[in-house]
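The values are calculated or read from the model by the stated rules, or taken from the named source; none is laboratory data. Keep in mind it's a predicted model, so treat the numbers as computed, not measured. We place every Cβ from the backbone using ideal geometry, glycine too, and count neighbours over all the protein chains shown. The protein model used for the area step is the full one, side chains on, heavy atoms only, and it has no ligands, DNA or RNA in it. Shrake-Rupley method; radii C 1.70, N 1.55, O 1.52, S 1.80 Å.
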4 protein chains.
Amino acid sequence: MDPKLVETKAVEVIEAGRFLYDRGWVPATSGNFSARLDRDHAALTASGKHKGRLTRDDILVVDMNGKSLDPGKRPSAETLLHTTLYRFFPDTAAVLHTHSINATVLSKIAGNAEAVVLEDYEVLKALQGVSTHATREVIPLFPNTQDMNALARDLADRLERQPDMHGFLIQGHGLYTWGRTMEETRRHIEAFEFLFACELEMRRLSP
Amino acid sequence: MDPKLVETKAVEVIEAGRFLYDRGWVPATSGNFSARLDRDHAALTASGKHKGRLTRDDILVVDMNGKSLDPGKRPSAETLLHTTLYRFFPDTAAVLHTHSINATVLSKIAGNAEAVVLEDYEVLKALQGVSTHATREVIPLFPNTQDMNALARDLADRLERQPDMHGFLIQGHGLYTWGRTMEETRRHIEAFEFLFACELEMRRLSP
Amino acid sequence: MDPKLVETKAVEVIEAGRFLYDRGWVPATSGNFSARLDRDHAALTASGKHKGRLTRDDILVVDMNGKSLDPGKRPSAETLLHTTLYRFFPDTAAVLHTHSINATVLSKIAGNAEAVVLEDYEVLKALQGVSTHATREVIPLFPNTQDMNALARDLADRLERQPDMHGFLIQGHGLYTWGRTMEETRRHIEAFEFLFACELEMRRLSP
Amino acid sequence: MDPKLVETKAVEVIEAGRFLYDRGWVPATSGNFSARLDRDHAALTASGKHKGRLTRDDILVVDMNGKSLDPGKRPSAETLLHTTLYRFFPDTAAVLHTHSINATVLSKIAGNAEAVVLEDYEVLKALQGVSTHATREVIPLFPNTQDMNALARDLADRLERQPDMHGFLIQGHGLYTWGRTMEETRRHIEAFEFLFACELEMRRLSP
């Protein structure tokens, strides 16, 4: 692995962490982030770190089976969700997973629904490839589990059925989204968080 | 076009962008801003930029038909709304368009109403020409559309009928407001956002 | 008037403005602030200024009848409320008036009540002289008006009847509070804003 | 007492104060913080200080009976709660007490309940020793009182019955939490505040 490439991508991840922590979307060491290095590798956050104060040392390299290439470092428990996304989407360059209050609550009140659906918001156009508010954004919803192998398999199945998704939610847990650049991925996070906030407000006002 | 004037106005737009982004009112590259250059031209944000990190390069000059004078740059899709306002109000010096959570939700729950009406708030006095809380501020509400020609025509019609408006809302989309200086326009944004927040709170408490 | 004293007090007012604006409690040039200079004079904010960016020039000296001693500067429309407080409370050294979302909404939903009452909050102990949560803080509520002479008279009457108040609300308008130092007055603002936020939450949850 | 150790721990407390004040969790001089020095002593905040601007002078040393070793300084009224925790948990290195809006409201609406219970949130894993969202976090709830001796005795009793607690609430007052390092204690505060915010949102949406 080219150390300069790892360095560059580590900086992207560290900066994303600072941005997301400042917004309150990765409190108490929650969340995990990654950036693709090449077809077979990604730079990923180590487990249990403060996401607003990441250093180069908190980033490790994993292969697409989620195996750490940095023997001393333990990758995030949810590494397999990242690698499942990189394998499915060849042009995905970054994956961000956040735990915001709004994503947590919206995913919990959705109950047994298969997805949260957002419609008729101008900001939906911030999602890659969406060109009108008159769209129907289906955000898959998975029950929470500590069994990451099972969740990664469910995600792979769902990606086959719904390859046009821009993100997914895990119940009581948070959001995963991705993009063709780190910049696009951060835009997706901002868009989803804005939309979740609007949607909860709507439900509060017309329960 | 005097390049020093363009430069000065670009700085106004860039600073307004930083301010509005920091408040969370233009997330995920949403929003667009402009400042009048002379009777026939305005400096306007290019399409799709991060509004909190605008640079001189993200600003272009348009004429009052919305045509870009900077061939390499694509103006915001909503340029015609800006130019319609500049043509109607000769003393308008700046136009700001934001996408806040509160403006989005308030405009959506208003349903088929023609306007959102605000009354009996002291902060209404921050709107240019208003000198008492005992006023009735009528904020026109337009259905959202991607057809900017149609929306610009509707806006022009509405301006004829209600020339004393200080801003308008597009449903599920956001707020437009303007002023005789950029400073006044920023004051209008702050006032409207404050009032939208109050109004939603009021509706939450007495649905 | 000793220019060094005016300077010192102007700095107190400017810093309070920055603090209160950053919290979002004086949006869109709303609010006004003052600091006592001596028995008969106070330094006060001029009308219509941005409260987060006050400069020495935005502060003027008034006597206790609200008359400006700086001929070129127009004092805030609400000067008489400040001077009424300074005359009634000889040990009051600062008066701060804010327009927060919570104060605005809480004062509006209170309807025709004579006061908003807060009980059983530990933070009540932040109000000068209160030593237990088991207290009953009565915050007088005045209907809004643009007639400041009338409002100042009503305030004077109410002060006679309820001299132990720590602040009052004007409907759809905001909060006045004061203290024996600027520091104490800022503590009162923080305490009231915290309590208003709690109280609105309580009402939202058990309407 | 080794002055260098006191210095180091004072810095931890001062920085925690800045962090917590910036979040709005210790408004108006509320809250108090401590860090263990050795088996028999802790560094603790003095009474009534602004918690976002603590200086070395605002920190004093107490023994585990709550007696100040700095004669000129008055320890926080709630010192006995800190020392009760240090005596019960030999590995506790820091105690933080905050007064947030969410903790205040959640504790008040809980009425006569003995505890607030949180379940099925991924962020529960941020609490020391919790490894799954499928847990049941029981947060004891004490009625508010100004009698700290009585409250400290109640706390000691409850600790005997429920030694696995990570924090407790006092009604209308706030949260106490602790940890084996100041870093862990700050993580606990962030986790609890996140969970309280989620829980209130849930209750607002399905009352």
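Considering the conditions (1) out of contact with any strand residue (DSSP E or B) (no Cβ under 9 Å at 6 or more places or on another chain); (2) within 11 Å of chain B (Cβ to nearest Cβ); (3) under 30 Å from C:T135 (Cα atoms), C:H50 is excluded by exactly one of them, (3). Across segment B:130-142, the qualifying residues are those that are more than 13 Å from every other protein chain (Cβ to nearest Cβ) and open to solvent by 30 Å² or more (accessible area, probe 1.4 Å), and the one among them that is nearest to B:K108 (Cα to Cα) is B:V138.
Of all residues in segment A:113-125, those satisfying the criterion of being hydrophobic (A, V, I, L, M, F, W, C) and either touching a strand residue (DSSP E or B) at 6+ places or on another chain (Cβ under 7 Å) or in a strand (DSSP E or B) (or both) are A:A113, A:A115, A:V116, A:V117, A:L118, A:L124. Scanning segment D:21-35 for residues that are in contact (Cβ under 8 Å) with a residue 40 or more places away in the chain and either assigned to a helix (DSSP H, G or I) or more than 11 Å from every other protein chain (Cβ to nearest Cβ) (or both), we see that the one that is farthest from C:L124 (Cα to Cα) is D:A35. Answer yes or no as to whether D:Q162 is open to solvent by 20 Å² or more (accessible area, probe 1.4 Å), more than 9 Å from every other protein chain (Cβ to nearest Cβ) and touching a Pro at 6+ places or on another chain (Cβ under 8 Å). So D:Q162 passes the test. Please find, within segment C:192-207, the residue that is farthest from the other protein chains (Cβ to nearest Cβ) out of those that are more than 26 Å from C:S76 (Cα to Cα) and among the hydrophobic types (A, V, I, L, M, F, W, C). Step by step, filter segment C:192-207, then rank; the result is C:L195.
Would you point out the residue of segment B:71-105, among those that are in contact (Cβ under 8 Å) with a residue 60 or more places away in the chain and assigned to a loop (DSSP other than H, G, I, E, B), that is most open to solvent (accessible area, probe 1.4 Å)? Ranking the qualifying residues of segment B:71-105, first place goes to B:D91. Going through segment C:182-191 one residue at a time, which ones are open to solvent by less than 40 Å² (accessible area, probe 1.4 Å), facing chain D (nearest Cβ under 9 Å) and of a type outside the set (D, E)? Within segment C:182-191, C:H188, C:I189, C:A191 meet the criteria. Look at (1) out of contact with any Pro (no Cβ under 6 Å at 6 or more places or on another chain); (2) open to solvent by less than 20 Å² (accessible area, probe 1.4 Å) and you find that D:D63 fails only one, number (2). Among the residues of segment D:86-129, those identified as among the aromatic types (F, W, Y) and away from chain A (no Cβ under 14 Å) are D:Y86, D:F88, D:F89.
Considering the conditions (1) touching a Gly at 6+ places or on another chain (Cβ under 9 Å); (2) in a loop (DSSP other than H, G, I, E, B); (3) not hydrophobic (A, V, I, L, M, F, W, C), B:R18 is excluded by exactly one of them, (2). Name the single residue that is nearest to C:F192 (Cα to Cα) among those in segment C:1-38 being basic (K, R) and within 17 Å of the chain's Cα centre (by Cα). Once the filter is applied, the top-ranked residue is C:R23. Candidates in segment C:113-128 are the residues that are under 16 Å from C:H188 (Cβ atoms) and without any contact (Cβ under 8 Å) to a residue 24 or more places away in the chain; of these, the one that is surrounded by the fewest Cβ atoms within 10 Å (Cβ to Cβ) is C:E122.
Residues that are touching a helix residue (DSSP H, G or I) at 6+ places or on another chain (Cβ under 7 Å) and away from chain C (no Cβ under 14 Å) within segment D:74-85 comprise D:L80, D:T84, listed in sequence order. Restricting attention to segment A:180-199, the residues being within 10 Å of the chain's Cα centre (by Cα) and closer than 20 Å to A:R136 by Cβ number 1. Can you spot a residue in segment C:143-154 that is in contact with a strand residue (DSSP E or B) (Cβ under 9 Å, 6 or more places away or on another chain), open to solvent by 20 Å² or more (accessible area, probe 1.4 Å), among the hydrophobic types (A, V, I, L, M, F, W, C) and away from chain D (no Cβ under 14 Å)? Scanning segment C:143-154 turns up no residue that is in contact with a strand residue (DSSP E or B) (Cβ under 9 Å, 6 or more places away or on another chain), open to solvent by 20 Å² or more (accessible area, probe 1.4 Å), among the hydrophobic types (A, V, I, L, M, F, W, C) and away from chain D (no Cβ under 14 Å).
Within segment D:194-207, being touching a residue at least 24 places away in the same chain (Cβ under 8 Å) and either surrounded by fewer than 16 Cβ atoms within 10 Å (Cβ to Cβ) or touching a Ser or Thr at 6+ places or on another chain (Cβ under 6 Å) (or both) holds for D:C198, D:R203. Set side by side, the residues D:G172, D:G179, D:G167 differ, and just one is more than 14 Å from chain A (Cβ to nearest Cβ) and either under 25 Å from D:G24 (Cβ atoms) or surrounded by 13 or more Cβ atoms within 10 Å (Cβ to Cβ) (or both), which is D:G172. Filtering segment B:25-60 to residues that are basic (K, R) and open to solvent by 10 Å² or more (accessible area, probe 1.4 Å) leaves B:R36, B:R39, B:K49, B:R53, B:R56.
Evaluate the following for D:S100: is it polar (S, T, N, Q) and under 30 Å from C:L195 (Cα atoms)? Answer is yes for this residue.
Scanning segment D:36-70 for residues being in a strand (DSSP E or B) and closer than 19 Å to D:G174 by Cα gives a total of 3.
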